[in-house]
Amino acid sequence: MRKGIYAAQLVPYTGNGSVDPETLRRWVRHNIDGNGLDGLYVGGSTGESFLSSAEQRALTLRIAAEEARGKVSMIAQVGLLDYAEVLNLADIAAESGYDAISAVTPFYYNFSFDETLDYYRGLAKRTKLPLIVYVIPALTGKPFGLAEARRFLEIDGIAGIKFTTPDMYLLEQTLAAFPDARIFNGYDELLLPAAATGADSAIGSTYNIFGPIAKQILNLVGRNELPRARQFQRLLNEAISQLVPIGLYQCLKLLMDDAGSGSGFCKPPFRRLTTEENEKALAIGRRVKKAAADLIAGS
Ligand code: MN9
């Protein structure tokens, strides 16, 4: 599994909510050839996976792998509510050539931490692939601290964490306690501080569009060029702070369209944007991409 920048893969859905395979293939190729990313994280929040059927999830995993296998690292997010389906998706990920699987902590029911650990133990036993725990307390509602990080990372087969919390102190402590674990920063708006703290990899939705900006941030931090890294993080955050209130995934899909890569609807209850919102989102995205290209060219 490479270090670096991974796109949380956007998945195009047709107006009736099914996966659009041809557009998905183009979007995956765009992440590899257009954005030059190091990896893909398929089937996560950004893929609207928790609004999708297990069949749609399996189809998405297979199609993405057909396009990306052997070109970039691939992680399959297999977490969902039906445990039998989780195990089945883990098998599909292994068959399809993924480098790792990942699974969100079980949500909705208020499972105890011991139940959560059993869930991961079972999943780790089922697969030969390294397992990356997907920690995103803001969406799962499950608390996460150093004690939880330790108990996860001590399980045989658990290789790392997709760390989607803004707690940089916890990130530092986790890196210090587990120097060999694969820790992926999960909030794109915190890529610079996470990289400065020592994270060498990140997974994010906005990298589908602004991947080159993220690559710059990670590389510049690695070279101790913090003032310049800050310029790129500022651009990325300008986009995120303006696109999130409109509807981040809708905006990112629109910008994929703008890149000539295809089209896509979001699953309900994600709403459709108005014409004015579409125009606003396109203008923001284009402005930030152009400013980043100018900054790169002027280097
Ligand atoms: O995969 C993404 N998380 C979610 C990570 O979408 C819930 C992030 O990339 C965020 O979209 C991004 C904007 O807040 O950091």
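The values are calculated or read from the model by the stated rules, or taken from the named source; none is laboratory data. What you see is a predicted model; the values in this text were computed from it and never measured. Heads up, the Cβs are rebuilt from the backbone with ideal geometry, glycines too, and the neighbour counts pull from every protein chain shown. Just the protein is used for accessible areas: all its heavy atoms, side chains included, with ligands, DNA and RNA removed. Shrake-Rupley method; radii C 1.70, N 1.55, O 1.52, S 1.80 Å.
Can you tell me how many residues in the stretch 2-47 are at positive phi and surrounded by fewer than 21 Cβ atoms within 10 Å (Cβ to Cβ)?
Qualifying residue count, the stretch 2-47: 3.
Could you list all residues from the stretch 163-190 that are open to solvent by less than 10 Å² (accessible area, probe 1.4 Å), within 25 Å of LEU235 (Cβ to Cβ) and outside any loop (DSSP other than H, G, I, E, B)?
PHE163, LEU171, ILE183, PHE184, ASN185, ASP188
Among the candidates ASP20, ASP99, ASP91, which residue alone is touching a residue at least 60 places away in the same chain (Cβ under 8 Å) and farther than 22 Å from GLY211 by Cα? Before you say what the answer is, go through the steps one by one.
Values: ASP99 fails: farther than 22 Å from GLY211 by Cα; ASP91 fails: touching a residue at least 60 places away in the same chain (Cβ under 8 Å).
After ruling out the rest, the residue left standing is ASP20.
So which of GLY122, GLY157 ends up being in contact with a helix residue (DSSP H, G or I) (Cβ under 6 Å, 6 or more places away or on another chain) and more than 16 Å from the ligand (Cβ to nearest atom)?
On the way: GLY122 fails: in contact with a helix residue (DSSP H, G or I) (Cβ under 6 Å, 6 or more places away or on another chain).
The conditions single out GLY157.
Can you run down the residue pairs with Cβ atoms below 7 Å, 6 or more apart or on separate chains, where the first is in the stretch 201-217 and within 19 Å of ARG182 (Cα to Cα) and the partner is among the basic types (Lys, Arg) and near the ligand (Cβ under 10 Å from one of its atoms)?
Pairs found: ILE203/LYS162.
In the stretch 20-41, how many residues are modelled with pLDDT of 95 or more, in contact with a Phe, Trp or Tyr (Cβ under 8 Å, 6 or more places away or on another chain) and not in a helix (DSSP H, G or I)?
6
Quick check on ALA214: is it within 11 Å of the ligand (Cβ to nearest atom), among the hydrophobic types (A, V, I, L, M, F, W, C) and open to solvent by less than 50 Å² (accessible area, probe 1.4 Å)?
yes
For the stretch 127-141, which positions are away from the ligand (no atom under 14 Å from the Cβ) and touching a helix residue (DSSP H, G or I) at 6+ places or on another chain (Cβ under 7 Å)? Give the derivation first.
Of all residues in the stretch 127-141, those away from the ligand (no atom under 14 Å from the Cβ) come to 127-131.
Selection gives THR127, LYS128, LEU129, LEU131.
Given the residues ARG272, ARG286, which is the only one that is open to solvent by 60 Å² or more (accessible area, probe 1.4 Å) and part of a loop (DSSP other than H, G, I, E, B)?
Details: ARG286 fails: part of a loop (DSSP other than H, G, I, E, B).
Residue meeting the stated conditions: ARG272.
Take residues that are touching a Gly at 6+ places or on another chain (Cβ under 6 Å) and tell me which of the strands (runs of 3 or more DSSP E) falling wholly in the stretch 63-148 contain 3 or more.
Details: elements: 73-77, 100-104, 131-135.
Result: 73-77.
Consider the stretch 35-46. How many of its residues are within 16 Å of LEU81 (Cα to Cα) and in contact with a Ser or Thr (Cβ under 6 Å, 6 or more places away or on another chain)? Quick ask: steps written out before the conclusion?
Filtering the stretch 35-46 for residues within 16 Å of LEU81 (Cα to Cα) gives 43-45.
Going one step further and asking which of them are in contact with a Ser or Thr (Cβ under 6 Å, 6 or more places away or on another chain), we end up with 43.
Matching residues across the stretch 35-46 total 1.
So if I check each of GLN242, GLN233, which one is open to solvent by less than 40 Å² (accessible area, probe 1.4 Å) and farther than 30 Å from SER53 by Cβ? Before you say what the answer is, go through the steps one by one.
Details: GLN242 fails: open to solvent by less than 40 Å² (accessible area, probe 1.4 Å).
Unique residue meeting the criteria: GLN233.
Results for (1) open to solvent by less than 10 Å² (accessible area, probe 1.4 Å); (2) within 15 Å of the chain's Cα centre (by Cα); (3) closer than 16 Å to ALA7 by Cα, shown as yes or no for each residue.
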{"position": "SER49", "(1), (2), (3)": "yes, yes, yes"}
{"position": "LYS71", "(1), (2), (3)": "no, no, yes"}
{"position": "LEU80", "(1), (2), (3)": "no, no, no"}
{"position": "VAL86", "(1), (2), (3)": "yes, no, no"}
{"position": "ALA94", "(1), (2), (3)": "no, no, no"}
{"position": "GLY97", "(1), (2), (3)": "no, no, no"}
{"position": "ALA100", "(1), (2), (3)": "yes, yes, yes"}
{"position": "VAL104", "(1), (2), (3)": "yes, yes, no"}
